[in-house]
Amino acid sequence: MRGLLRRLSALCLCGFLVLAALPARAVSFPDVKPGSWYEKDVLEMADAGLLTGLPDGTFAPEKTISWAEFVTIAARCAGLSPIQGQTSHWAAGTLEAARLAGWYDWDELPPTGEGFDKPISRQLAVKVLMRALLPHVGYDFNVESAKIKDFSALNGRYYEAVLSAYAAGVAQGDGEGSFRPLDSLSRAESCALIQRARAKAGSQTPASPYGTPGPDEYLPASPGETPPAPAEAIQGGVSENGWLQVVGTQLCNEAGEPVVLRGMSSHGLQWYGQYANAQSIQNTAAYGANVFRLAMYTGEGGCLSQPEPMKSKVIAGVEAAVENDMYVIIDWHILSDGNPMDHVSKAEAFFADMAARYADCPNVLYEICNEPNGNVSWDRDVKPYAERLVAAIRETSPQSVILIGSPTWSQDIHLAADDPVEGENLMYTLHFYAGTHGKDLRDRMDKALSAGLPLFVSEWGASRADGSGGVFLEESKVWLDFLAERGISWCNWSLCDKSETSAALKPGTSPDRAWTEEDLTESGKFVFSQF
Ligand code: IDC
C-alpha cells in the first residue's frame, strides 16, 4: 500500500515524468512556440520519451530546472536505472544511482533530499551531463580555458567537467562568452545542453561508467624530444649534498653534481598540519624521500587569518625535516587568492623572517607563490612579485634555492622562459595532475628547458586537478619517467588522510607512528615506491 501511494505521489510530483515505456509520438506544448530557438530540442526530446511537460500540459521553457529534473533526464539518456533511494522523493532512486555512479559527490547534493528540488547550477549540470554521457572527453587546458571569459569564477573542482564540455562543443558561453558557473539553467536551456551532449555521445562509443576509463582514452603519451639528460643524478640527504645550486637548468649539490629531490607535499597546514610532524616526515624519509614541502595556505583559513600559528607550524616542519636530514620547501600557498601581488608586503615580511632565521641552514628552499591564477599576468604581477621576494630573501640568504610560480596554476612556464627573473639559484615550478595534464604540458616543459629555464615540479598528483578521481597510475608513471630522464625534482600532493584520491594515507592513519603499506592509499603506495 505504501509502495503504491509512493508511486502515485511520484506520478503527481514528477514534472518531467519520463515516458520511456510509451510509444514515440509527436508531442506539442502550448507554450513551446513554433520557430522558437528551443522548439526543435524540446520536441525531439519529448518524442524520444525523455521528458514530458508539467501536469497542466505546458512545458514552461523559462522555468528554472531542478536537480531532480535534470538528473532524471540525464539518467534516461544514459540508461541509468533507479535504485533504492534514501527518501520518498519521486527522484530519490535515480539521484542515488547517479551519485553512486560518480556523477556528482555527496557534498554537492546530499542524499537526504533537502536540495533535490533546488536549482542545479550550470557547473554541476555540466558535470552531471559529461559524466553521464561523455566521460572520456579530453581537452587542452589552455585552449578551452581561453574560451571562457569568466574562467576565473570557476572553481577548480569543475575544470575537468567544464573544459571537456567546451572541448566537446557541449557547453557554450552566453552572448558575452561567459559560462556563469553558479547560475541556474532554464528548462529550455537544459534541453539544448542535453541535446548537444546526446549528439556528441551518439557519434562516440557507448559511455562506460564514470571512473573506469576506456582502454584507449588515457593511453600514455610518449615523451617528446628529450633534451640531454643529466649524466647521473643522485639522491641522498643534506649531509651528503650540502647547499644546493642551480647549474644551467639542473639542480646540483654543493659539489656541482646533479641531484634530484623527491618527496611529499603536506596538505594545507591549517587542516592537516598533524602530518607535518617529525614522525610523519621521518616516515616519508624511511621510504626514501629526501625533501618535504610545507604547504602554508595564505587564504582559506591559512596564514592571512592566523599568521602566528601557521608560522609555528612551518618552523616545526623545518625542524623535523632538518632532524631527518631532508631538504624542506617553505611554500606560500596562494590558491583562492590568485594574484600574489594582493599580499606582497606580507609575503616579503614572512620570507625575510624565514630567510634570516635559516640563513645558515642548507636544508631550506623557498617557494614564493604556489599557483598564481585568475586575472593575473606574468609581466604585470608575477614577475615583479618574484623580483621583490627574491630581493627580500637575498638580503640574508644569498645562495638558497628559490622556486617561482607562473600564471595558470604554475603551468605558464613559457611566459617565464621568455622573460625570466634575474638572479642565481632560481627555479620555476611546474604543477601537473596526471588525470588532467599530459603530453602538451610535457612538451611545454621540454621547450622551456631548451630555452634554459630550470624547472622544479613542487606539486603533482596522481588524481585529476581537483585532487580526486582516478587514480591515474599509468599516466603518473609516464610523467615520473619523463621527470627522471630530465633530472627534475618533485613533491607529490599530498601527505594527509583526507578522503580524496590524491591523499597518500588512508582515513584515520595516525601521524604518530611508523606506517606500513597497509596505511597507504593506492596513490600513496605508488608514490612512496617512486622515491
Ligand atoms: C586541494 C585539496 C583539497 C582542497 C582544495 C582547496 O586537495 O582537499 O579542498 O585544494 O583548498 C592545486 C593546489 C592544491 C589543491 C590541489 C588539488 O595547489 O591546493 O589541493 N591542486 O586540487 N593545484 C592544482 C591541484
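Where a number appears in this text, it was derived from the coordinates with a stated rule and is not lab data. For clarity, every value in this text was computed on a predicted model and none was experimentally measured. With ideal geometry, Cβ positions are generated from the backbone for all residues, glycine too; neighbour counts draw on all protein chains shown.
A protection proxy built from the mean count of other Cβ atoms within 10 Å ranks the segments 82-95, 158-171, most packed first, as 158-171, 82-95.
Protection proxy ranking, highest mean first, for peptides 459-472, 382-395, 104-117: 459-472, 382-395, 104-117, where packing is the per-residue count of other beta-carbon atoms within 10 Å, averaged. What share of Cα pairs, in percent, lie more than 14 angstrom apart in the stretch 313-381? The share of Cα pairs beyond 14 Å in the stretch 313-381 comes to 62 percent. Once a ≥ b ≥ c are taken as the square roots of the eigenvalues of the Cα gyration tensor of the stretch 369-437, is the result rounded (a/c under 1.5), prolate (a/b larger than b/c) or oblate (a/b not larger than b/c)? Prolate shape, in that a/c is at least 1.5 and a/b is the bigger ratio. First measure r as the distance between the Cβ atoms of residue 499 and residue 176, then evaluate 1/(1 + (r/R0)^6) with R0 = 35 Å and state the FRET efficiency to the nearest 0.05. With R0 = 35 Å, the Cβ-Cβ based efficiency is 0.35. Since only 461, 193, 136 are under comparison, the one whose Cα sits farthest along the positive direction of the charge dipole of the chain, derived from C-beta charges on Lys, Arg, Asp and Glu, is 193.
At full extension, residue 395 and residue 118 could sit 94.1 nm farther apart than now, given 0.36 nm per residue minus the alpha carbon distance. Express in whole angstrom the spacing between the alpha-carbon centres of the stretch 266-293 and the stretch 507-522. Cα centres, the stretch 266-293 to the stretch 507-522: 12 Å.
Look at the alpha carbon pairs under 8 Å that are at least 6 residues apart: their mean separation over the length of the stretch 313-419 gives a relative contact order of 31 percent. Whole-Hz Karplus values for the stretch 322-328 come out as 4, 4, 9, 6, 10, 6, 9 Hz, taken residue by residue from phi with 6.51 cos²θ - 1.76 cosθ + 1.60 and θ = phi - 60°; glycine and proline positions read x. In this structure the amide hydrogen of residue 293, modeled in the peptide plane, comes within under 5 Å of the amide hydrogens of 264, 265, 266, 329, none closer than 5 places in sequence on its chain.
Between residue 54 and residue 356, the simple label model (points 7 Å from Cα in the Cβ direction) yields a spacing of 6.8 nm.
According to the calculation over all Cα-Cα pairs in the stretch 356-401, the P(r) per 5 Å bin from zero is 5, 20, 26, 20, 13, 10, 5, 0 %. If you plug the beta carbon distance of residue 474 and residue 513 into 1/(1 + (r/R0)^6) with R0 = 25 Å, you get a FRET efficiency near 0.20. So the label point goes 7 Å from the Cα of residue 257 along Cα→C-beta, right? Which residues of the stretch 431-472 then have their backbone N under 19 Å from it? Zone members listed by number: none at all. Computed from the Kirkwood radius of its Cα pairs, the Stokes-Einstein diffusion coefficient for the chain at 20 °C and 1.002 mPa s stands at 86 µm²/s. Put simply, the amide H of residue 428, placed in the peptide plane, has neighbours under 5 Å in 404, 455, 456, leaving out anything fewer than 5 places away on its chain. Stokes-Einstein diffusion coefficient for the stretch 65-199 at 25 °C in a medium of 0.890 mPa s, Rh from the Kirkwood formula over Cα pairs: what value in µm²/s? The calculation lands on 165 µm²/s. Look at the dipole of the chain built from charges on Cβ: of 478, 435, 415, the Cα furthest out on the positive end belongs to 435. Phi angles of the stretch 373-390 translate, via the Karplus equation with coefficients 6.51, -1.76, 1.60 and θ = phi - 60°, into HN-Hα couplings of 7, x, 7, 9, 10, 5, 5, 7, 10, 6, 5, x, 4, 4, 4, 5, 5, 4 Hz per residue; Gly and Pro are given as x. Per residue, the average separation of C-alpha pairs within less than 8 Å and at least 6 apart gives the stretch 367-502 a relative contact order of 21 percent. Taking 7 Å steps out from each Cα toward its Cβ at residue 86 and residue 377 produces label points 4.8 nm apart. Listed by chain and number, the lysines whose alpha-carbon sits under 26 Å from that of residue 498, ignoring those within fewer than 8 places in the same chain, are 127, 311, 313, 477, 506, 525. Normalised by the number of residues in the chain, the mean separation of alpha-carbon contacts (under 8 Å, six or more apart) gives a relative contact order of 12 percent. Summarising the amide proton neighbourhood of residue 494: residues at separation of 5 or more, or on other chains, whose placed amide H is nearer than 5 Å comprise 503, 504. Quick one: Debye curve from the alpha-carbon atoms of the stretch 409-464 only, equal weights, vacuum; give me log10 I(q)/I(0) at q = 0.18, 0.28, 0.29 Å⁻¹ to two decimals. Evaluating at q = 0.18, 0.28, 0.29 Å⁻¹ gives log10 I(q)/I(0) of -0.57, -1.19, -1.25. The calculated 222 nm mean residue ellipticity attributable to helices in the chain amounts to -10000 deg cm²/dmol, summing -39500 (n - 2.57) over DSSP H runs of n ≥ 4 and dividing by all residues. Residue-wise HN-Hα couplings along the stretch 509-514, as the Karplus relation 6.51 cos²θ - 1.76 cosθ + 1.60 with θ = phi - 60° gives them from phi, are 5, 6, x, 10, 9, 5 Hz; Gly and Pro carry x.
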